[in-house]
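Report on the following structure.
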Amino acid sequence: MAETRKFPHHLIREIFEQPDALRRTIAPRVSQAEGRVRLDEIHISREELRALRRINIVASGTSRHAGMTGQYMLQELAGVPVDVDYASEFEYRNPMIGRGELSIFITQSGETADTTASQREARQKGSRTIAISNVEGSTIAREADGFIYTDAGPEISIASTKAFTAQMACLFLFALYLGEIKEKVPKALAQHYIRELLALPEKTETILAASDKVEKLAELYYRVDDFMFLGRAIHYPIAMDGALKLKEVSYIHAEGYPTGEAKHGPNAMIDFRLPLVLIATCDRNNNDAGSVARYQQSVSNMEGFKKQGATLIALATEGDTIVPKIANHTIFIPAVPELLSPILEIVPLQLFAYYVAAKRGLDVDHPRNLVKAVTLE
Ligand code: BG6
């Protein structure tokens, strides 16, 4: 699909390249028959990984949002506690890390100074390090013990899209890899998740095929000056990145917030003037009681916001008949296990940010004041 269509900007082309980027990132590293993930570039022994006590994830911007989803993936599948830090804050926090711990540095460019500096500090403190980057041979890749390459192809647009979904796929692959080593993920479960990973590119194409629906939504809202994006649990990082995308390319003030936290303050702002984008997807196919419970809480929150007169744009799972009755607009994504849902959920939000910015007549590939890689601390 990416090859055949002519695109007016790098950003929209890169959004449409995500199915291929996911295929290249996932397929060569999984064996469904064996239920195994192969990550040849890790260069950290199974023994050392099995003994891991804690993982720190450090990144900036969109890459940190990938790290936030990785926290849920790694804790759920590998049973290892995970902390996530802003790279620009990491060095000021005097991180209490050391031997027996792993620090993962996520950076599309591999050159973000805050992130490369943080890795050097982690190594000095005795932590093993892995870099997840889109640039082989980059500083972060050269200086890390291990490397997981997001094979997304060069990402030109300043706002990160295909590298982001590829980063989340790499974090999931690593969580499965570590979960198998720690004997937390039985073979049948690994085979199930690998099947679901391999189905992601096609599900992404389904979302992209309905991009005109998102464009129509952007037509209704591109003049708005404030947005709030809400998501619970693993969906919260996607609310954060949906808000960041809109800020980066359209200069609209947008805030990402945990859905359940809105009642502690932000709710005072919510009325007809503040459109809410709320992630209310649900994994009904895998007996995931947690996903259903989180969904029900989000539906209840939506009803409350509606009573306050809010305008609701909801992300829901195909087949959902409850959310569309409450929301003013509903965008559907294909059913997927909750741990993989962020990879699909961000796509409509990327499209929304792109169409809003394009309708505002802005230079979507080169937003003012931003650079693709901040190589100065
Ligand atoms: C910012 C970009 O400058 O750097 C963001 O505008 C990006 O899109 C962030 O997420 C981090 O970049 P990298 O290369 O470290 O992932």
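The values are calculated or read from the model by the stated rules, or taken from the named source; none is laboratory data. The model shown is predicted, which means the values in this text are computed figures rather than measured ones. Glycine gets a Cβ as well: all are built from the backbone with ideal geometry, and neighbour counts include every protein chain shown.
Descriptive notes on the structure:
- Of all the numbered requirements in (1) under 16 Å from residue 22 (Cβ atoms); (2) outside any helix (DSSP H, G or I); (3) within 14 Å of the ligand (Cβ to nearest atom), residue 165 misses one, and that requirement is (2).
- Candidates 324, 367: the one that is more than 19 Å from residue 17 (Cβ to Cβ) and within 16 Å of the ligand (Cβ to nearest atom) is 367.
- Counting residues in the stretch 10-21 that are surrounded by fewer than 18 Cβ atoms within 10 Å (Cβ to Cβ) and outside any loop (DSSP other than H, G, I, E, B) gives zero.
- Condition met for residue 140 (in contact with a Gly (Cβ under 6 Å, 6 or more places away or on another chain), buried (at least 21 other Cβ atoms within 10 Å of the Cβ) and part of a helix (DSSP H, G or I)): yes
- Sub-7 Å Cβ pairs linking a first residue in the stretch 62-82 that is basic (Lys, Arg) to a second residue that is surrounded by fewer than 23 Cβ atoms within 10 Å (Cβ to Cβ), at least 6 apart or interchain, are 64/84; 64/86, ordered by first then second residue.
- Pairing each residue of the stretch 309-325 that is more than 14 Å from residue 279 (Cβ to Cβ) with any residue that is in a loop (DSSP other than H, G, I, E, B) and at pLDDT 95 or above, provided the two are 6+ apart or on different chains, yields C-beta distances under 8 Å for 310/275; 311/275; 311/328; 318/334; 318/335; 319/335.
- Members of the stretch 19-60 found to be in contact with a Pro (Cβ under 8 Å, 6 or more places away or on another chain) and closer than 11 Å to residue 162 by Cβ, listed by number: 19, 20, 22
- Here is the figure for the stretch 100-131: residues that are in contact (Cβ under 8 Å) with a residue 40 or more places away in the chain, in a strand (DSSP E or B) and β-branched (Val, Ile, Thr) total 4.
- Candidates 54, 38, 29, filtered to the one that is among the charged types (D, E, K, R) and surrounded by 20 or more Cβ atoms within 10 Å (Cβ to Cβ): 29
- Whichever residue in the stretch 143-162 is of a type in the set (Asp, Glu), assigned to a loop (DSSP other than H, G, I, E, B) and within 17 Å of residue 109 (Cβ to Cβ) and, among such residues, is nearest to the ligand (Cβ to nearest atom): 155
- Residues of the stretch 283-304 satisfying the condition of being buried (at least 16 other Cβ atoms within 10 Å of the Cβ) and free of Cβ contacts under 8 Å to residues at least 40 places away in the same chain: 295, 299, 302
- Within the stretch 53-95, considering residues that are at pLDDT below 95 and assigned to a loop (DSSP other than H, G, I, E, B), the one farthest from the ligand (Cβ to nearest atom): 53
- Checklist (1) of a type outside the set (Ser, Thr, Tyr); (2) within 27 Å of residue 113 (Cα to Cα); (3) in contact with a Ser or Thr (Cβ under 9 Å, 6 or more places away or on another chain) applied to residue 12, failing item: (2)
- Of 279, 252, all but one fail to be within 16 Å of the chain's Cα centre (by Cα) and either crowded, with 24+ Cβ neighbours inside 10 Å or farther than 18 Å from residue 327 by Cβ (or both); the exception is 279.
- Picking from residues in the stretch 108-137 that are near the ligand (Cβ under 9 Å from one of its atoms) and closer than 18 Å to residue 39 by Cα, the one that is surrounded by the fewest Cβ atoms within 10 Å (Cβ to Cβ) is 135.
- Residue count for the stretch 334-367, restricted to those that are farther than 14 Å from residue 244 by Cα and assigned to a loop (DSSP other than H, G, I, E, B): 10
- Residues (touching a strand residue (DSSP E or B) at 6+ places or on another chain (Cβ under 6 Å) and of a type outside the set (S, T, N, Q)) located in the stretch 102-122: 102, 104, 105, 106, 110, 122
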